[in-house]
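The values are calculated or read from the model by the stated rules, or taken from the named source; none is laboratory data. What you see is a predicted model; the values in this text were computed from it and never measured. All Cβ positions, even for glycine, are placed from backbone atoms using ideal geometry, and neighbour counts span all protein chains on display.
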Amino acid sequence: MSMKHHLLALVAISFLVLPACKKQDITLPDANTQRQASTEATVTLSETFESGTKAAYAAADVTLSSGSWNLSDALIGNTSSDAKNGTQSIRIRNTGAATMNFNATGGATSITVAHALYGSDGSSTWQLWISTDGGSTYTQTGSTITTSSATLQTATFTVSLSGNFRVSIRKVSGGTNRINIDDITASTGTTSGGGGSSATDNSNLMLGNPSGAVAGVAYTTNYLMDKTYYTSSYNSVRGTPNWVSWHIGSADLGSASRQDDFRADAALPTGWYQVGSTSYSGSGFDRGHNCPSADRTASVTANSATFLMTNMIPQAPQNNQQTWANMENDIRALVTAGNEVYVIMGSYGTGGTGSNGSATTIDNGHVTVPSNVWKVVVVLSNGNNDLSRITTSTRVIAVNTPNINTVSSTWKSYRTSVNAIESATGYDLLSNVPTAIQNVIEAQVDNL
């Protein structure tokens, strides 16, 4: 498994964007479609818990990559039951806590924390507390978080901190049930498209940024990548995207042929492992597109962009070539019938079954095989001001399939609700949609 990247100093990331254009001006997506939002983020705290050793629950200080932390009724876990990105994470029981003994500097506007159940333990709740006076006093920030999944989820806290600060993760319920905490990151700056999103018609992130991904090298498991024709959150530890988001309109479907130019993504940050075109060879799993090749046929450039390996997951052949292909064909049929669609696809969990049997990783551990593959599709008739046209009557299709080779070819048998996928992943999939409308459409299961 890839090593996580440690970052203690400030990191400034910025990139330039193309101006948005009105929908009626669009001809070819590679020339005229605005698909990128700006991101400028400065990381002021990053702790991945990959260094340091503490094998007992008794309260003690431990030196980590970011500085000294006090772990009370908590330890550094590295067993197979510990949920973690990399090799280690914190394990907390009872009403234990993990608290900084030092000040982070530079303030913060967002703090993210990865969390999951330890092994098969039951649910627990925990809170984020912050001190701005060197640890003399602490105040709870945000709401109490419930941990109920054995797969790492990301909790995002919006804060307004300037100068020095300390954080403390405090378990508040669940008794002896244990939780894992990993990848604590604080950042400050403008994060439109990273932690935020563009609501422009046809933009890849019109529905929102599901995980608050940021284009900063400290975000090794939630790295925002805008590839013009789709936008994704890339996980360098898993070697796959967490999710990929894109829009399909009639202008996206043309006559360009399938390029089949699978290749590593050289745009990944320096030092990150690049999954290659042959990384899946002999594994029994397909190089499964997230954004499909056939959704991007307006130009050779558009089609070629879908063959970057950062757009791939190890997908069971039956799942990829039958179930998923059938759904993709049906979605494009909706577009040719006079609709436009917004699509978010992703995967989660560990362990699938391909043509060679079951596996949890491939490519010598560099690529994690997901247990589940999901997709959410919002269907609108052709028009303008798309976000404002989403109502409680809008058709929303949500599908969640097991990543196995005995999966049914009938994708409709795997329909579920957006709420169910959000519960499994921890993402906020339609965050730009007004809450009252979200509450209705996210609870429904498509039956058309």
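Within segment 327-352, the residues that satisfy the criterion of being among the hydroxyl-bearing types (S, T, Y) and crowded, with 19+ Cβ neighbours inside 10 Å are Y342, S347, Y348.
Tell me, please, whether a residue that is in a loop (DSSP other than H, G, I, E, B) and over 26 Å from G212 (Cα atoms) can be found in segment 83-90. Within segment 83-90, none of the residues are in a loop (DSSP other than H, G, I, E, B) and over 26 Å from G212 (Cα atoms). Scanning segment 388-396 finds one or more residues that are farther than 30 Å from R238 by Cβ, polar (S, T, N, Q) and surrounded by 13 or more Cβ atoms within 10 Å (Cβ to Cβ).
Taken over segment 378-406, the criterion of being within 26 Å of the chain's Cα centre (by Cα) and modelled with pLDDT under 95 is satisfied by D386, L387, S388.
Would a scan of segment 319-341 turn up a residue that is of a type in the set (A, V, I, L, M), in the same structural domain as S408 (by TED's automatic domain parsing) and assigned to a strand (DSSP E or B)? Checked against the condition, which is being of a type in the set (A, V, I, L, M), in the same structural domain as S408 (by TED's automatic domain parsing) and assigned to a strand (DSSP E or B), segment 319-341 yields at least one hit. Among the residues of segment 415-442, those identified as of a type in the set (S, T, Y) and surrounded by fewer than 20 Cβ atoms within 10 Å (Cβ to Cβ) are T416, S417, S423, S431, T435. Determine if segment 360-370 includes at least one residue that is on the phi > 0 side of the Ramachandran plot, touching a residue at least 40 places away in the same chain (Cβ under 8 Å) and in the same structural domain as G282 (by TED's automatic domain parsing). For segment 360-370, residues on the phi > 0 side of the Ramachandran plot, touching a residue at least 40 places away in the same chain (Cβ under 8 Å) and in the same structural domain as G282 (by TED's automatic domain parsing): present.
Within segment 103-124, the set of residues being buried (at least 18 other Cβ atoms within 10 Å of the Cβ) and either polar (S, T, N, Q) or assigned by TED's automatic domain parsing to the domain that holds Y223 (or both) comprises T109, S110, T112, S124.
Residue check: is K412 assigned to a strand (DSSP E or B) and either among the basic types (K, R) or not assigned by TED's automatic domain parsing to the domain that holds D201 (or both)? It is false that K412 is assigned to a strand (DSSP E or B) and either among the basic types (K, R) or not assigned by TED's automatic domain parsing to the domain that holds D201 (or both).
Within the set T228, T278, T221, T240, the sole residue that is without any contact (Cβ under 8 Å) to a residue 24 or more places away in the chain and either out of contact with any Cys (no Cβ under 6 Å at 6 or more places or on another chain) or not small (G, A, S) (or both) turns out to be T278. Of all the residues in segment 125-181, those that are among the β-branched types (V, I, T), in a strand (DSSP E or B) and surrounded by fewer than 22 Cβ atoms within 10 Å (Cβ to Cβ) number 11. Of the residues making up segment 94-104, none is modelled with pLDDT of 95 or more, within 26 Å of the chain's Cα centre (by Cα) and not in a strand (DSSP E or B).
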